[in-house]
Amino acid sequence: MNTVKLIGNVGGEIKVKDFGTGKVVNFSIATNESYINKNKEEVKHTDWHNIVAWGKLAEECENLLAKGKMITVEGKISYRQYQNKDNQTVKVTEIVASKVEETQKKQLA
């Protein structure tokens, strides 16, 4: 089964393309994790994920998303490749979203 759920912050500008018959949006999110290493130091790590949403979901994302907003994305991992203008093969890994929701940060007591 190919499913993924990510919680992170929108990383920048949302790119919207309108094909007349529907829209597609592309954006990135940053997910963060931290751990304590053997020297008892906190180590923080950020991963960036490319997200694509189509149709009605794309329209909803266009209205919902802004840089820095915390969101939850559900979808599937997609791998594709294409030839660029220099005739080089470019490999792309992205999350094809099936659900995007605004997420609230949990408050610690």
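Some points to look at:
- Multiplying the residue separation of T103 and L64 by 0.36 nm and removing their Cα-Cα distance gives an extension gain of 12.9 nm.
- In this structure, the residue pairs whose Cα-Cα separation is over 25 Å, taken from K17/K44; K5/K40; K15/K44; K38/K67; K69/K99, are K17/K44; K5/K40; K15/K44; K38/K67.
- Of the GluC sites (Glu not before Pro) found in segment 1-42, those in coil by DSSP whose Cβ has at most 11 other Cβ atoms within 10 Å are E41.
- Residues whose amide H falls under 5 Å from that of G11, counting only those 5 or more places apart or on a different chain, are S28, I29, A30, G68, with hydrogens built in the peptide plane.
- For segment 1-66, trypsin sites (Lys or Arg not before Pro) meeting the loop criterion (DSSP other than H, G, I, E, B) and having at most 16 other Cβ atoms within 10 Å: K38, K40.
- Expected 222 nm ellipticity per residue - DSSP helices of 4 or more, -39500 (n - 2.57), all of the chain, to 500: -2500 deg cm²/dmol
- When the chymotrypsin sites (Phe, Trp or Tyr not before Pro) in segment 16-75 are filtered for DSSP coil states and for at most 12 other beta-carbon atoms within 10 Å of their beta-carbon, the remaining sites are F19.
- Added length on full extension, which subtracts the Cα-Cα distance from 0.36 nm per residue, T93 to T31: 20.8 nm
- 1.4 Å probe accessible area per residue over the chain, in Å²: 75 Å²
- Taking Cα atoms only, the orientation of helix 55-64 departs from the longest principal axis of the chain by about 50 degrees.
- Accessible carbon and sulfur surface of segment 2-109 relative to its total accessible area, %, 1.4 Å: 47 percent
- Note on W54 and K76: the extension gain reaches 6.6 nm, defined as 0.36 nm multiplied by sequence separation minus the Cα-Cα distance.
The values are calculated or read from the model by the stated rules, or taken from the named source; none is laboratory data. Computed from a predicted structure; not experimentally measured. Cβ atoms come from the backbone with ideal geometry, glycine included; neighbour counts cover every protein chain shown. Just the protein is used for accessible areas: all its heavy atoms, side chains included, with ligands, DNA and RNA removed. Shrake-Rupley method; radii C 1.70, N 1.55, O 1.52, S 1.80 Å.
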